[in-house]
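Read-outs throughout are calculated quantities, based only on the coordinates presented, and are distinct from any laboratory measurement. Worth saying up front: this structure is predicted, and the values here are computed from it rather than measured. Using ideal geometry, Cβ is built from the backbone for each residue, glycine included, and neighbour counts are taken over all protein chains shown.
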Amino acid sequence: MTDVHRDEAVIIGAGLAGLSAAIHLQNQGISVQVIEAQDRVGGRVHSMRQHGSNKEAGGTYIGAGYQSVVGAAKDYAIELIDVTPTLEFFREQELVLNGEIIRQSEWPKHPANPFPENDKALMPWNYSRILTVRENPLKRPEEWLDSSQAHNDISFYAWMRQLGLSEDAINLAYGINVSFGSSAHDVSALLMLFRAAFSSSQRKHAKKGIIGFTALNGVQRIPEAMASALKKETHLGKVVKSIEDNGRSIEIRCADGAIYKTPHVICSIPLAALRDVVINPPLGELHSQGIKDIPSQPTTQVFLAHKSKFWESDGLKPSMFTDGVAGMIAAARNGDDPTEVTSFTAWTMGPHARYLDTLPEEAAGKLIIQEIEAIRPSARGQLEFLGLKSWGADPYAKGGWAYFRPGQVTRFCKALRMPHGGIHFCGEHLSIANRGMEGAMESGKQAAQEIINKG
Ligand SMILES: Cc1cc2nc3c(=O)[nH]c(=O)nc-3n(C[C@H](O)[C@H](O)[C@H](O)COP(=O)(O)OP(=O)(O)OC[C@H]3O[C@@H](n4cnc5c(N)ncnc54)[C@H](O)[C@@H]3O)c2cc1C
């Protein structure tokens, strides 16, 4: 028999955006039902507890100025850990280009360094970030959507060329393990400027020397606590296939046959996954085109354990930033002592992640270990594959995060945010003033407010 539910509002997706919308509506006296495709809540906040010491596969770092995320942690008595002492270690990594290890002290005078004379001391992993902070025209992050900034909706490549950077400098500043697309040609400079303006605004919130946090025993505890605070339990395993507004009510149909009828829907499905959902009557042309065209970044993480402190025998830093398939190999420090390495995560993004995703998990893990061993022989036999998380292969994310190609910010951002009858949208891709987890919560609250404003 078909399972039919009637609710005042239905929220699709139990990530931070959907849950934040649900809590906001519930606080206004509106009864909400959250439905979620997976067998867990949290979405792209995913603590891989099976690998021990809560290896985070998604959202981890909570900026000191993340008011909504920090507020939720406080509301649900989740202890936040100050990660400031471990942040300095992120700057301590070896640069590896074409298999050659280049120490930070060698970089300013290294023949492969194409940066302008005054910037030669800057490392490739930092350079584009520093440029976007230094040359940022946005006084506040939300200005990225002002029409006065539309001239910056050009490729990040063109933007860096305007600053006089050479082709080689651009390739190195934005060609290695890229966060958005495959090269600086693929991403809008406006997105890069928004990201930099957001991180600068976060720094201003740093009080008492605390820059950021993570959650004790896993960030996933935050969405779990939010879901527990809802009067109605989240329905898990509900893969939404269609959303149909027949004029009298909106009908949501799930793969398992369940049907939800409601006057208000908030849809927090990531854009790339939303392509699999039929919406009727169809969305406006720009809205549908945006869902079809806006890309999501392939992002794959490989979790590794170490059998010995192999970095002590070669005298190099444990972490490495490479232009190879292993991407950024980050030594995690999740214990009580911030100096102690607890495990490793290879962060791979863009084309390398896409390639890793074509391999069986064990083979991908083996490849990453072989890459590391080839770079530094002291690691031979010292690393063990624990597991892997591919966001690109996750059918309910289809990538780590959405990004905007040149021209897409001005073309699509407004249309994507528009409600469609009783269907409202949220998710990290719709945030205006914040990014990451904070952006997701901002967008959820905004969508809830749209419904509340209807009265
Ligand atoms: C590797 C990685 C690292 C990150 N690190 C950080 C960080 O350190 N700090 C930070 O602030 N942010 C970080 N982020 C970003 C942050 O995790 C996300 O921006 C945020 O969690 C997104 O929340 P959301 O609710 O918009 O989307 P999601 O969390 O993806 O929620 C969407 C939900 O919809 C569900 N869904 C999808 N399709 C369907 C369907 N058809 N039917 C029903 N349900 C469906 C999904 O299963 C999911 O639960 C990171 C992200 C990744 C991938």
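A few comments on the model shown:
- Using the average count of surrounding beta-carbon atoms within 10 Å as a protection proxy, the listed peptides 12-25, 56-69, 228-241 rank, highest first, as 12-25, 56-69, 228-241.
- Taking the longest Cα principal axis of the chain as reference, the axis of helix 16-27 is set at about 40 degrees.
- Residue-by-residue Karplus 3J(HN,Hα) for the stretch 320-328, coefficients 6.51, -1.76, 1.60, Hz, glycine and proline x: 9, 10, 10, 8, x, 5, 6, x, 9
- Cut-off under 5 Å, modelled amide H: who pairs with G387 long-range: F303
- Label-point gap, in nm, between H110 and F90 - each point 7 angstrom along Cα→Cβ: 2.1 nm
- By average C-beta atoms within 10 angstrom, highest first, the peptides 157-163, 323-329, 79-85: 323-329, 157-163, 79-85
- The stretch 318-349-the stretch 1-54 distance, computed between alpha-carbon centres (Å): 31 Å
- 12 Å beta-carbon shell around T299, net charge (K/R +1, D/E -1): +2
- Amide H contacts under 5 Å for H264, placed H, 5+ residues apart: V10
- Applying 1/(1 + (r/R0)^6) with R0 = 41 Å to the Cβ-Cβ distance of L359 and H151 gives a FRET efficiency near 0.45.
- Amide H contacts under 5 Å for G59: V45, H46, restricted to partners 5 or more places along the chain or on a different chain, H placed in the peptide plane at 1.01 Å from N.
- Folded to 0 to 90 degrees: helix 361-375 orientation relative to the chain principal axis, Cα: 30 degrees
- Estimated FRET transfer efficiency (N280, A77; beta-carbon r; R0 41 Å; 0.05): 0.45
- By the count of other C-beta atoms within 10 Å, a proxy for reagent exposure, M192, M418, M437 are ordered fewest to most as M418, M192, M437.
- Derived scalar couplings between HN and Hα for the stretch 423-430 equal 9, 10, 10, 8, x, 3, 6, 10 Hz in order, rounded to whole Hz, by the Karplus curve 6.51 cos²θ - 1.76 cosθ + 1.60 (θ = phi - 60°), x for Gly and Pro.
- Cut-off 14 Å (backbone N to label point 7 Å along Cα→Cβ of K317), residues of the stretch 94-112: 94-97, 101-108
- Kirkwood Rh (inverse of mean 1/r, distinct Cα pairs), the chain, angstrom: 23.0 Å
- The chain: angle of helix 124-134 to the longest principal axis, Cα-based, in degrees nearest 10: 60 degrees
- Theoretical gain in end-to-end length, L163 to Q50 [0.36 nm per residue, Cα-Cα removed]: 36.0 nm
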